[in-house]
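The values are calculated or read from the model by the stated rules, or taken from the named source; none is laboratory data. Given the structure is predicted, the values throughout are model-derived calculations rather than measurements. Using ideal geometry, Cβ is built from the backbone for each residue, glycine included, and neighbour counts are taken over all protein chains shown. Heavy atoms of the whole protein, side chains included, go into the accessibility calculation; ligands, DNA and RNA do not. Shrake-Rupley method; radii C 1.70, N 1.55, O 1.52, S 1.80 Å.
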Amino acid sequence: MDAPDSLDRADPLAAFRDRFDLPAGVIYLDGNSLGPLPKATRARLAEVIDRHWGRDLIASWTVNGWMDLPLRIGAKLGRLLGAEPDSMVAGDSTSVNLFQALAAALALRPDRRVILSETGNFPTDLYMAEGLAALLGRGHAFRQAPADAIEAALDETVAVLLLTHVNYRSGRMHDMARLTAAAHAAGAITVWDLSHSAGAVPVDLAGSAADFAVGCGYKFLNGGPGAPGYLYIAPRHQTAPLPLTGWIGHAEPFAFAPSYRPAEGIGRARVGTPPILGLAALEVGVDLALEADIRLVREKSVRMTELFLRLAATSLPGFGIATPRDPDARGSQVCLTHPDAAAIMRRLAARGIVGDFRPPDVLRFGITPLTLRYAELWQVIAALAEG
Ligand SMILES: *Cc1c(COP(=O)(O)O)cnc(C)c1O
């Protein structure tokens, strides 16, 4: 078996660890829930607070580029996620963006009444779909199918397929191109949630012919607590009306016109005044993600999850494995199961190993290739084996 130290020495991403501020004595396996603090974020926020806000005041909207931030970061995310130019914007939460995308998608299929999602999708995706269906009051039904039964559930009644690319609980990753093609063949529009994908796995929005996508900035993108999320709208859908007609999405916000006229293109997907401090921190995380080659990130992530599962299978009798065994069907996390999962996670935390407990019996370990060392995987397995 490979020795952890030689793997770490040969790791082309090893230098990224030092770009983050991680407390000593902590093995952090929760970067898929809250990414750690990039060292550059502190200086960037100090600059935006002290120089932009503190000194330049309101002029910062233009002279310091504040107004451009949602589209500037959107363009960077577009590069990371394989989107067409001018098709992404950052600034609102994933939940709000889900509402925007889902409503626009439903409006593109006015004769259909079914929103199809996956059983066990992330709660906000399910709740936003329920809430939107109730608000529309046009008899939309919200249906959920298990991961393996989604293609079979795509029929001529489905208006929108709402899927999370990598499931937050199981780590299972869908084939975006394949399911998008299946949805399109059935006449449905797709809304993809990339919260557990961006910065962790390669995504090709344009190549997959995706229609809409949303996602989080505070997970693998390391954008900080509650970082703004993002919205992708394929160019062919950018004339479709969006439900949240805030003034920043207006064609001429500073004309202060009495009625709404949407901006051309993706600019209309902005809603209110952009959250500058949050966006400034997010941009640092996105820049780091772009600097690291996503193919190398994926390579290390697959090697690490394979290794973790192999070590678990040999050293941890009594634990189940809840993540797909096929690396092509797995995102950047490993999930074990154990009847005492909650207590085990508490004992790990007492030793400085931070993961997640997901009821009833799941131990979730996020694999973040920019910060995690191979040697740490052995330490985690050893701690789990000791109980
Ligand atoms: C984390 C996560 C969210 C979070 O949405 P917020 O609006 O940022 O709270 C949404 N969807 C998925 C799939 C997630 O994993």
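Does residue 60 satisfy being surrounded by 15 or more Cβ atoms within 10 Å (Cβ to Cβ) and within 28 Å of residue 166 (Cα to Cα)?
So residue 60 does not fit the description; no.
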I'd like the full set of residues that are more than 15 Å from the ligand (Cβ to nearest atom) and among the aliphatic types (A, V, I, L, M), limited to segment 125-142.
133, 134, 135, 136, 141
With over 16 Å from residue 104 (Cα atoms) and surrounded by 22 or more Cβ atoms within 10 Å (Cβ to Cβ) as the only criterion, which of 220, 212 stands out?
220
Do we have residue 71 as touching a residue at least 60 places away in the same chain (Cβ under 8 Å), not aromatic (Phe, Trp, Tyr) and not assigned by TED's automatic domain parsing to the domain that holds residue 375 here?
yes
Which of the residues spanning segment 152-182 are surrounded by 17 or more Cβ atoms within 10 Å (Cβ to Cβ), closer than 22 Å to residue 204 by Cβ and away from the ligand (no atom under 16 Å from the Cβ)?
154, 180, 182
For segment 45-68, the count of residues that are among the aliphatic types (A, V, I, L, M) and free of Cβ contacts under 8 Å to residues at least 24 places away in the same chain equals 5
Given the conditions (1) within 16 Å of the ligand (Cβ to nearest atom); (2) open to solvent by less than 10 Å² (accessible area, probe 1.4 Å), every one holds for residue 225 apart from (2)
Based on this model, can you work out whether residue 176 counts as under 17 Å from the mean Cα position of the chain (by Cα), within 25 Å of residue 325 (Cβ to Cβ) and without any contact (Cβ under 8 Å) to a residue 40 or more places away in the chain?
yes
Just give me the residues in segment 97-139 being closer than 11 Å to residue 163 by Cα and open to solvent by 60 Å² or more (accessible area, probe 1.4 Å), in sequence order.
119, 122
Can you confirm whether segment 379-386 contains a residue that is in the same structural domain as residue 310 (by TED's automatic domain parsing) and either of a type in the set (Lys, Arg) or under 29 Å from residue 175 (Cα atoms) (or both)?
no
Across segment 240-273, what is the total count of residues that are touching an Asp or Glu at 6+ places or on another chain (Cβ under 9 Å) and not aliphatic (A, V, I, L, M)?
5
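One line per residue, one yes/no per condition, for (1) surrounded by fewer than 17 Cβ atoms within 10 Å (Cβ to Cβ); (2) out of contact with any Lys or Arg (no Cβ under 7 Å at 6 or more places or on another chain); (3) assigned by TED's automatic domain parsing to the domain that holds residue 233; (4) over 19 Å from residue 28 (Cα atoms):
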site	(1), (2), (3), (4)
263	yes, yes, yes, yes
275	no, yes, yes, yes
286	no, no, yes, yes
305	no, no, no, no
308	no, yes, no, no
Looking at residue 367, is it closer than 24 Å to residue 221 by Cα, surrounded by fewer than 24 Cβ atoms within 10 Å (Cβ to Cβ), in the same structural domain as residue 18 (by TED's automatic domain parsing) and among the β-branched types (Val, Ile, Thr)?
no
Looking at the structure I just gave you, is residue 86 more than 16 Å from the ligand (Cβ to nearest atom), under 18 Å from residue 268 (Cα atoms) and open to solvent by 20 Å² or more (accessible area, probe 1.4 Å)?
yes
Within segment 96-124, the residues that are within 15 Å of the ligand (Cβ to nearest atom), of a type in the set (Gly, Ala, Ser) and closer than 19 Å to residue 189 by Cβ are 101, 117
Checking residue 248 against (1) crowded, with 24+ Cβ neighbours inside 10 Å; (2) assigned to a helix (DSSP H, G or I), which single condition isn't satisfied?
(1)
Can you pull out the residues in segment 327-358 that are assigned to a loop (DSSP other than H, G, I, E, B), touching a residue at least 12 places away in the same chain (Cβ under 8 Å) and surrounded by fewer than 21 Cβ atoms within 10 Å (Cβ to Cβ)?
338, 339, 351, 352
Residue identified as away from the ligand (no atom under 14 Å from the Cβ), under 22 Å from residue 159 (Cα atoms), modelled with pLDDT of 95 or more and part of a loop (DSSP other than H, G, I, E, B) among 202, 258, 243:
243
